[in-house]
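Notes follow once the structure below has been shown.
Where a number appears in this text, it was derived from the coordinates with a stated rule and is not lab data. Keep in mind that what you see is a predicted model, and the values were worked out from it rather than measured. Every residue, glycine among them, receives a Cβ derived from its backbone with ideal geometry; neighbour counts consider all protein chains shown.
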Amino acid sequence: MNQKLRIVYVSPEVFPYAKSGELADVASSLPKYLSSLGMEVSVFMPKYRKHEIESLPTELVARELLVPVGEQKIKANIYRSEQGRYAIYFVDNPIYFWRDGIYGLGEGEYLDNDERFVFFSRAVLEFLLKVEMQADIIHSNNWPTALIPVLLKTLYANKPLFKNTASVFTLHNVAYQGEFPPETLGLTGLSWNYFNPDQLSLNGRFNFLKAGVIFSDILTTVSSAYRREIQTEKYGFGLEKILKKRKDIFFSIRNGIDCEIWNPATDSCLAANYSASNLEGKKDCKLDLLKEFGLRLSPQTPLLGIVSYLSSQKGFDILLEAIPELREMEVGLVILGKGDERYENLFFNIHKQYPEKIGVKLEINPTLAHKIVAGADIFLIPSLYEPCGLNQLCSFRYGTVPVARATGGLAETVKPFNLDTLKGNGFIFKEYSSKALLETLREALSCYKRPQLWQKVMEAGFGENVSWEAAARKYVKLYQNALAAKRG
């Protein structure tokens, strides 16, 4: 761990400046923990139309940087902001990024996402060249940054600055691949020779995610269960054979959470603070949450919480099927999130039908997310698939018991409570069905009615080590190995 590595971490989203999923949380916390281990970390993201970005003190470090996109040279301004332990760089071009959404709006993705993220990827590399910023590792994430490993091995391969730079590429969710028409290749400056089934094309389209998988020096994903799952036809979304071919350089490191932010003893979002040794404040958090959502329930009524992007991946189809039975049960439910218009409309209508029992807020609200994690008794995660999952890790930290489906990182981290051994930190079901969800929920509610048993489940969650620290150390070791392999 003595070697100080220079890491350039590239992400299309970083919390709190832009967030659509868990990548944003990873991209804000992993660099912080890497820095605390002595690494020199620089984070790059687009400068979106976000108040959180506009209100930051920034320094313009590159004016009108010329970025090749197809036949054109397009200008970018690069801004730098100190984040305490690391620096964040914002790539600015209003035509591409001064928009309300990251990838699109409710009705669909932006039609020029290929051009937007070709520009972003090349802008990062052009900036590093211009200011001669040495990088031992360039760590890219998800399809929007997947072309960086490709560019390093092709158009930028002969640049002395990148001679000893290794590329690491993390797959956070292979369902989203960045698939575009073949003509998109013209935007990259790459030769048409690369557009073949062994490299950039998949099913006749230019597949950004596949490109990153093929060209990266090291490939990672966010849980060992998800690594196994995406090498199968069921969860690989067409990439399973390609991932199997790369298995020798394909590793898994499970995500953690930022325990400085997610700490019920110090969390400023909460109505009252509490800890594993003194849970009194959690009761106040529940009362506050009931008030926040306008639910007329007794404080003794079990309260279920959901914070999620609203999509089929997150298990909302089986949850919708379960609603008729749920509303007959002695429980309350609060849901926070945005997502597919269909689910937004369905849940909003359910809330209107049962406003005293089911609360729904269609927004991304970090403060309210903390209130739900603290104030709910049970955190519901019925995902169809889940690469890692951070919600269950946060819920452990706050003494809120997860009821989850056994998939990906959920299967690794949520251990079913056993009445005989009194071991286990949650409740889990395998079959993807409303029936299995309801059966497991009833099991959890039965346990909830026996406070001493429930206390055991909560204690097991409190006892979990969910910090980034161990994972960050694994990344450092992976970076060192990648660099050693790159330099022979």
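In the set (1) surrounded by fewer than 18 Cβ atoms within 10 Å (Cβ to Cβ); (2) in contact with a Cys (Cβ under 7 Å, 6 or more places away or on another chain); (3) touching a residue at least 40 places away in the same chain (Cβ under 8 Å), the condition left unmet by V222 is number (1). Exactly one residue out of L304, L297 is crowded, with 16+ Cβ neighbours inside 10 Å and over 16 Å from A369 (Cα atoms): that is L297.
Is it the case that some residue within the range 225-245 is assigned to a helix (DSSP H, G or I), surrounded by fewer than 22 Cβ atoms within 10 Å (Cβ to Cβ) and β-branched (V, I, T)? Yes, some residue in the range 225-245 is assigned to a helix (DSSP H, G or I), surrounded by fewer than 22 Cβ atoms within 10 Å (Cβ to Cβ) and β-branched (V, I, T).
Within the range 107-148, the set of residues being surrounded by fewer than 18 Cβ atoms within 10 Å (Cβ to Cβ) and under 19 Å from the mean Cα position of the chain (by Cα) comprises just one member, E109. Taking the numbered list (1) part of a helix (DSSP H, G or I); (2) surrounded by 18 or more Cβ atoms within 10 Å (Cβ to Cβ); (3) in contact with a Phe, Trp or Tyr (Cβ under 7 Å, 6 or more places away or on another chain) in turn, M458 passes all entries but (3).
Here L478 passes the criteria (1) in contact with a helix residue (DSSP H, G or I) (Cβ under 9 Å, 6 or more places away or on another chain); (2) under 23 Å from L23 (Cα atoms); (3) hydrophobic (A, V, I, L, M, F, W, C) except the one numbered (1).
Residue-by-condition table, conditions (1) closer than 19 Å to V307 by Cα; (2) of a type in the set (S, T, N, Q); (3) in contact (Cβ under 8 Å) with a residue 40 or more places away in the chain; (4) part of a helix (DSSP H, G or I):
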position: E363; (1), (2), (3), (4): yes, no, no, no
position: H370; (1), (2), (3), (4): yes, no, yes, yes
position: V373; (1), (2), (3), (4): yes, no, yes, yes
position: L384; (1), (2), (3), (4): yes, no, yes, no
position: T421; (1), (2), (3), (4): no, yes, no, no
position: Y432; (1), (2), (3), (4): no, no, yes, no
position: L437; (1), (2), (3), (4): yes, no, yes, yes
position: E443; (1), (2), (3), (4): no, no, no, yes
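Of the residues making up the range 78-130, those that are in contact with a strand residue (DSSP E or B) (Cβ under 7 Å, 6 or more places away or on another chain) and polar (S, T, N, Q) are S81, N93.
Take the range 342-361 and flag every residue that is part of a helix (DSSP H, G or I) and over 21 Å from the mean Cα position of the chain (by Cα).
Our first condition is that a residue be part of a helix (DSSP H, G or I); within the range 342-361, this holds for 342-353.
Within the range 342-361, R342, N345, L346, F347, F348, N349, I350, H351, K352, Q353 meet the criteria.
Of all residues in the range 55-80, those that are in a loop (DSSP other than H, G, I, E, B) and either loosely packed, with under 12 Cβ neighbours inside 10 Å or more than 30 Å from the chain's Cα centre (by Cα) (or both) total 4. Among the numbered conditions (1) without any contact (Cβ under 8 Å) to a residue 24 or more places away in the chain; (2) touching a strand residue (DSSP E or B) at 6+ places or on another chain (Cβ under 9 Å); (3) charged (D, E, K, R); (4) farther than 27 Å from P387 by Cα, tell me where R228 comes up short. So the condition that R228 fails would be (4).
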